[in-house]
Amino acid sequence: MHFISIQIQPEFLPTFDRQEFLSRVRGVGRSPEIDEFEQKGERYLQFTFFTERPKQLWQDLQTALYNNSEYSKIISPISIAVCESESEDKHAADSFLVLHHFDKNEKIDKLM
């Protein structure tokens, strides 16, 4: 089992429209688990989608969010998307992948 998490950065939480995000991912056919947490004094919001088919889910999420001509302008500069495996082998090549990062200088991984 894998999961894809999309994390909204703290400085954008006051203006982030959670309902718009949820309505866009509803078309993907998945309801995310929603977590709000504090880390090092900063508040984060994270949406986690569980799947047996991470490549297909990521393609669907990209279509709904990151490749959408309107919504990409909103979500791309404020979020990080990662894929993690629930596998026991945490050293496997696909155990943690960065799929999107608001900082264009960060290395982006590809799902195989």
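The values are calculated or read from the model by the stated rules, or taken from the named source; none is laboratory data. This structure is a prediction, so every number in the text was calculated from the model and none was measured. No Cβ is skipped: glycine too gets one built from the backbone with ideal geometry, and neighbour counts run over all protein chains shown.
Is it the case that some residue within region 28-36 is touching a Gly at 6+ places or on another chain (Cβ under 6 Å) and either within 13 Å of Leu99 (Cβ to Cβ) or surrounded by 13 or more Cβ atoms within 10 Å (Cβ to Cβ) (or both)?
The first filter runs over region 28-36 and keeps only residues touching a Gly at 6+ places or on another chain (Cβ under 6 Å), leaving none.
No, region 28-36 has no match at all.
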Here the residues within region 83-98 that are at pLDDT 90 or above and in contact with a Leu (Cβ under 9 Å, 6 or more places away or on another chain) are Cys83, Glu84, Leu97
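Within region 37-71, can you find the residues that are part of a strand (DSSP E or B), of a type outside the set (S, T, N, Q) and surrounded by 11 or more Cβ atoms within 10 Å (Cβ to Cβ)?
Our first condition is that a residue be part of a strand (DSSP E or B); within region 37-71, this holds for 37-39, 42-51.
Checking the rest, the ones that are also of a type outside the set (S, T, N, Q) come to 37-38, 42-45, 47, 49-50.
Answer for region 37-71, where residues must be part of a strand (DSSP E or B), of a type outside the set (S, T, N, Q) and surrounded by 11 or more Cβ atoms within 10 Å (Cβ to Cβ): Glu42, Arg43, Tyr44, Leu45, Phe47, Phe49, Phe50.
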Cys83 vs (1) part of a loop (DSSP other than H, G, I, E, B); (2) crowded, with 16+ Cβ neighbours inside 10 Å; (3) not aliphatic (A, V, I, L, M): all pass except (1)
Residue check, Ile80 modelled with pLDDT of 90 or more, more than 14 Å from Ser5 (Cα to Cα) and aliphatic (A, V, I, L, M): no
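Assess whether Arg24 counts as being outside any loop (DSSP other than H, G, I, E, B), at pLDDT below 95, crowded, with 16+ Cβ neighbours inside 10 Å and at negative phi. Outline the logic, then answer.
Details: outside any loop (DSSP other than H, G, I, E, B): yes; at pLDDT below 95: yes; crowded, with 16+ Cβ neighbours inside 10 Å: yes; at negative phi: yes.
In short, yes.
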Output the qualifying pairs, or none if there are none: Cβ atoms under 7 angstrom, residues six or more apart or on different chains, first residue in region 27-43 and touching a residue at least 60 places away in the same chain (Cβ under 8 Å), second residue hydroxyl-bearing (Ser, Thr, Tyr) and exposed (fewer than 10 other Cβ atoms within 10 Å of the Cβ). none
